[in-house]
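Worksheet: one structure, shown below.
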Amino acid sequence: MELPSIGRITGMYRRALLAAAIATPAMAQAPWAPTRPIRLIAPYPPGGGVDTTSRLLAGPMGTFLGQSVVVENRGGAGGSIGAQEVARSAPDGQTIMVDALAHTVNPHVIRGLGFDYATAFAPISQVVVLPQILAVNPQHCPAKTVQEFITWARPRAGQLSYGSSGNATAAHLAAALFLNRAGLEITHVPYRGGTPALQDLLGGAIVFVFGTVSSTLQLVRDGRLVALGVTTAQRIPPLPDVPTIAEQGFEGYELNEWNGLYAPAGTPAPAVQRLYEAAKHALADATVRQRLDALGAIPVGTDPDVFARYVAEQRALMGRIVREAKIEVG
């Protein structure tokens, strides 16, 4: 019996492989999947905005990924303690973080950080925007628009003060940017949160605040405060008749609180992509959207590349505002 030559065997093998490739469709590469419950670090205490956003995302994200997502609060030092824990975690997609605007502010105001915000994280998605409302007390300020406020405030330079939820918060930065653009000098009074600032605005101790929708909207609807403008690029659904600050002579003005999702730098691209898809799934959930709407938060869901560019732009903008306003923490 004649045995086939090596050449004939090779040819037969190649034809068999070709036939198999034609007969069997190419198998798509399976997407990345977590191998154990995911830690979602909220670098602030329970009950705040980041904690709320984290807990709203956790359930639907876990369902999408097939593993539970467990929120852990690691508050302190303006969010930098929890951020450092994530920065030092294994880049395997099993540890992620929801952070706030402070992610782009802290590098400019906190000394001696043990990591670099610019290089320690892989941006996944901007998940929500939280607009702010520039509000005054009509019992103490007659203005109904931004320009009316500027006209009223200018001759009272040195006599007025405004409040915020604390140094280097979104409310403080929004006010600093506004005052710089308006050419006004009004003294800043930092409070331990937005609620006491609003209480002093209602009492007449300060002249304006930049307040969140959740804390300020009802006061505006009740007529106890007047909304002069909003900090978003477009008008917001709860206050469709209130123009943006940008519309009122401040082209390009926009400064909101926002929450974004991050993984440690070096997390593989397939894991980042899958986590982004899970976040998008969560933001499409009807219950999540209802809860966000009640908080005055606008769901976003940008992809990792778009979000990375946004973070870089925000970091540069926050640095400029901090320098120009000489903002310090501590």
* To do: Hey, could you get me the Stokes-Einstein D for the stretch 198-321, Kirkwood radius over alpha-carbon pairs, 37 °C and 0.692 mPa s, rounded to whole µm² s⁻¹?
  => 193
* Between the stretch 80-128 and the stretch 252-307, the Cα center-to-center distance that results, in Å -> 15
* In whole Å, largest first, what are the principal axis extents of the Cα atoms in the chain? => 111, 43, 33
* Structure fact -> With Cα springs under 10 Å, the Gaussian network model of the chain assigns the largest mean-square fluctuation among Pro31, Pro60, Pro91 to Pro31
* Base-10 log of normalised Debye intensity for the stretch 86-209 (one unit scatterer per alpha-carbon) at q = 0.09 Å⁻¹ -> -0.36
* **the stretch 271-330: trypsin sites (Lys or Arg not before Pro) falling in loop per DSSP and having at most 12 other Cβ within 10 Å** => Lys326
* For the stretch 149-271, restrict the atom set to alpha-carbon positions and state the Rg and Dmax in Å. => 16.4, 58
* Probe 1.4 Å - accessible area at Thr169, Å² to nearest ten -> 40
* To do: Please check the chain for the longest run free of GluC sites (Glu not before Pro) that are loop-located per DSSP (anything but H, G, I, E, B) and have at most 16 other Cβ atoms within 10 Å.
  => 3-184
* **For the stretch 171-298: accessible area per residue (Å², 1.4 Å)** => 44
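Which whole-number percentage describes the relative contact order of the stretch 183-330, with Cα contacts under 8 Å and a sequence gap of 6 or more? Intermediate values should be presented prior to the final figure.
Values: 85 pairs, mean separation 20.6, N = 148.
In percent, rounded to a whole number, it is 14.
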* Asked: For the chain, which whole-number percentage of the solvent-accessible area (1.4 Å probe, protein heavy atoms only) is attributable to carbon and sulfur atoms?
  -> 54
* **Percent RCO, i.e. relative contact order, over the chain, from Cα pairs under 8 Å lying at least 6 residues apart** => 25
* Using alpha-carbon pairs under 8 Å, 6+ residues apart, how would you state the relative contact order of the stretch 229-310 in percent? -> 20
* Asked: Hey, what D do you get for the stretch 282-330 in µm²/s if you plug the Kirkwood alpha-carbon radius into Stokes-Einstein at 10 °C and 1.306 mPa s?
  -> 118
* Work the Kirkwood hydrodynamic radius out for the stretch 183-227: mean of 1/r over every pair of different alpha-carbon atoms, inverted, in Å. => 11.2
* Structure fact -> One point scatterer per Cα, no solvent, Debye formula: log10 I(q)/I(0) for the stretch 225-296 at q = 0.11 Å⁻¹ comes out as -0.46
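The values are calculated or read from the model by the stated rules, or taken from the named source; none is laboratory data. The structure presented is a predicted model; accordingly, all values stated were derived computationally and were not measured. Ideal geometry is used to build each Cβ from the backbone, glycine not excepted, and the neighbour counts take in all protein chains shown. What goes into the accessible areas is simple: the full protein's heavy atoms, side chains included, and nothing from ligands, DNA or RNA. Shrake-Rupley method; radii C 1.70, N 1.55, O 1.52, S 1.80 Å.
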